[in-house]
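Have a look at the structure below before the remarks.
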Amino acid sequence: MTPAIPTPTLAPVAGVTAADERALLASIPTGLFIGGEWRAASDGGTFDVCDPSTGAVLVRVADATPEDGRAALAAASAAQKAWAKTPPRVRAEILRAAFDAVTARADDFALLMTLEMGKPLAEARGEVAYGAEFLRWFSEETARVSGRFAVAPDGRSRLMVTKRPVGPCLFITPWNFPLAMATRKIAPAIAAGCTMVLKPAALTPLSALLFAQVLHECGLPAGVLNVVQTTSAGAVTAPLITDPRLRKLSFTGSTPVGRALLKNAADQVLRVSMELGGNAPFIVFEDADLNAAVDGAMLAKLRNGGEACTAANRILVHESIAGEFTARLVERMRAHTVGRGTEPGTLLGPLVDEATRAKVHELVTDAQAAGAHLALGGRYVDGPGYFYEPTVLTDVPGAARILREEVFGPVAPISTFATEEEAIALANDTEFGLVAYVFTLDLNRALRLSEELDVGMLGVNTGIVSNPAAPFGGVKQSGLGREGGFEGIEEYLETRYVGIADPFASAH
Ligand code: NAP
């Protein structure tokens, strides 16, 4: 009999009550996690974590100071040597146990994420499944790290190449995928034998705190993972980036912050991975399956409420089908139910905060002023929370800011093109290069685009590309390095070469 593969389901979670929410929140650790212990901040400071669907305070958590940051790095540094010597199989078993534990607690993780970030429960479940898969994938990769041994071409020496953990890492993660952006870094680092300091986004630290607790319960030794949530991101992380004990910085977030961190990291030539912003083109050719293209656009645009680096930001449609495509997309987006993520039937939650909502509205208003036509939405939803209507803009002119800047909201800007060459030129006309989506039934055209588009990832007839077994990452100003896949663990490994004298040289 084939054994069941444990995977969280995407079925809606029915019947979450206010009492369920309170009970879960009361069980979440709220301290800093340093050296295997939960601590208060060194100055006793705390900050509020709020529900973006109501603005209400969910819980208060410790607010790390620069001193706490240094204590976290000291703990990671102290644990590094022993952790690097831990047998790979032991590290693999911890990751596998963590996969099982996160999967078993999928409902708790999903509810917590919905409460702190706003996404609908079914989507939060999807993120738990995705985030957990990095634990399973890298548990399987742990024992596969290897090197090589060769006779030098001149026969006079031997070449031994080995892989070693990079050493203590600093991880800075964003609010939009509070669990998966952490597991995508933590799992390969554990697999490679690195210790870590994680600084999650201040808006959404709770998923990371629960995950740290789960890893601890699964046997991760003290000091291997340390978590310092803070309202002073720059002040806490800058001294760590210039501290010689730190050997690697992995950042997921916006391109402007990534650029600034790269400059700081240059001082000690730190190894870096940068998963930065995107501005994804979504190209629909005249020969596309229109139903599949509209399904794909819904996914690429509205997954995570549009608050995703992979979100379709520039929908480019062949002029011959633009009218039909737009009519169908408007119909689907109009029917997208907006509400609190815990309510059954909700398909679109709130934006994460007022600043994000204001920026979305600013870009919509700017596009209209530049000549775009508002086909749907374009307004705040009345009531508490940071809700914004699903919005479609058509005839968006090239000068509109929305085609240059990440919109990070449920707004679909549609433009048209006449030829394949024009579509490629429009798609590549951006400083970003994370992902693109192409809808066509012509295989040769899809292959041509896979070579012509300046992106790290391409979706062909699909609106989603993220997969723990595939290398995620961008080119141009979308970043450096890859997460997931066989490539993901390489970000946490150094190559060491040992030259060995010819063993026959002294033989008689
Ligand atoms: P962000 O403002 O750049 O923040 C990301 C992280 O950096 C947060 O933890 C933030 O902390 C921290 N941070 C901010 N300023 C800092 C500084 N001066 N020094 C050190 N850390 C600092 O981005 P966001 O708004 O949270 O996330 C959205 C962005 O992330 C978008 O651009 C999106 O495209 C990108 N993203 C990229 C990927 C990818 O894989 N390529 C995936 C997801 C998201 P606080 O929030 O606590 O201030």
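The numbers here are math on the coordinates, done by the rules we state, and not lab data. Predicted model only: the values in this text are computed from it and were never measured. Virtual Cβ from ideal backbone geometry, glycine too; neighbours counted across all protein chains shown.
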State all residues of the stretch 214-240 that are aliphatic (A, V, I, L, M), within 13 Å of the ligand (Cβ to nearest atom) and surrounded by 21 or more Cβ atoms within 10 Å (Cβ to Cβ); if no residue qualifies, say none. Val227, Val228, Val236, Leu240
Could you please give the count of residues in the stretch 266-301 that are of a type in the set (A, V, I, L, M, F, W, C), surrounded by 24 or more Cβ atoms within 10 Å (Cβ to Cβ) and under 16 Å from the mean Cα position of the chain (by Cα)? 3
Here is a list: Pro244, Pro174. Which entry is surrounded by fewer than 24 Cβ atoms within 10 Å (Cβ to Cβ) and farther than 26 Å from Pro471 by Cα? Pro244
Quickly run through the stretch 459-482 and pick out the residues that are more than 16 Å from Leu135 (Cα to Cα), crowded, with 17+ Cβ neighbours inside 10 Å and polar (S, T, N, Q). Gln477, Ser478
For residues that are of a type in the set (S, T, N, Q) and surrounded by fewer than 24 Cβ atoms within 10 Å (Cβ to Cβ), scanning just the stretch 305-328, find the one that is nearest to the ligand (Cβ to nearest atom). Thr310
Could you go through the stretch 448-455 and let me know if any residue there is part of a strand (DSSP E or B) and of a type in the set (Val, Ile, Thr). no
Any residue in the stretch 415-436 that is assigned to a helix (DSSP H, G or I) sitting within a Cβ distance under 6 Å of a residue that is within 16 Å of the ligand (Cβ to nearest atom)? List the pairs, counting only those 6 or more apart or interchain. Ala427/Pro281; Ala427/Ala436; Asn428/Asp454
I'd like to check something: does the stretch 246-254 contain any residue that is among the charged types (D, E, K, R), more than 8 Å from the ligand (Cβ to nearest atom) and not in a helix (DSSP H, G or I)? yes
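Okay, residues lined up against (1) touching a residue at least 40 places away in the same chain (Cβ under 8 Å); (2) charged (D, E, K, R); (3) not in a helix (DSSP H, G or I):
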| site | (1), (2), (3) |
| --- | --- |
| Phe282 | yes, no, yes |
| Glu286 | no, yes, yes |
| Ala297 | yes, no, no |
| Lys301 | yes, yes, no |
| Phe325 | yes, no, no |
| Gly341 | yes, no, yes |
| Pro344 | yes, no, yes |
Looking only at residues that are near the ligand (Cβ under 10 Å from one of its atoms) and part of a helix (DSSP H, G or I) in the stretch 260-274, which one is farthest from Val197 (Cα to Cα)? Ala260
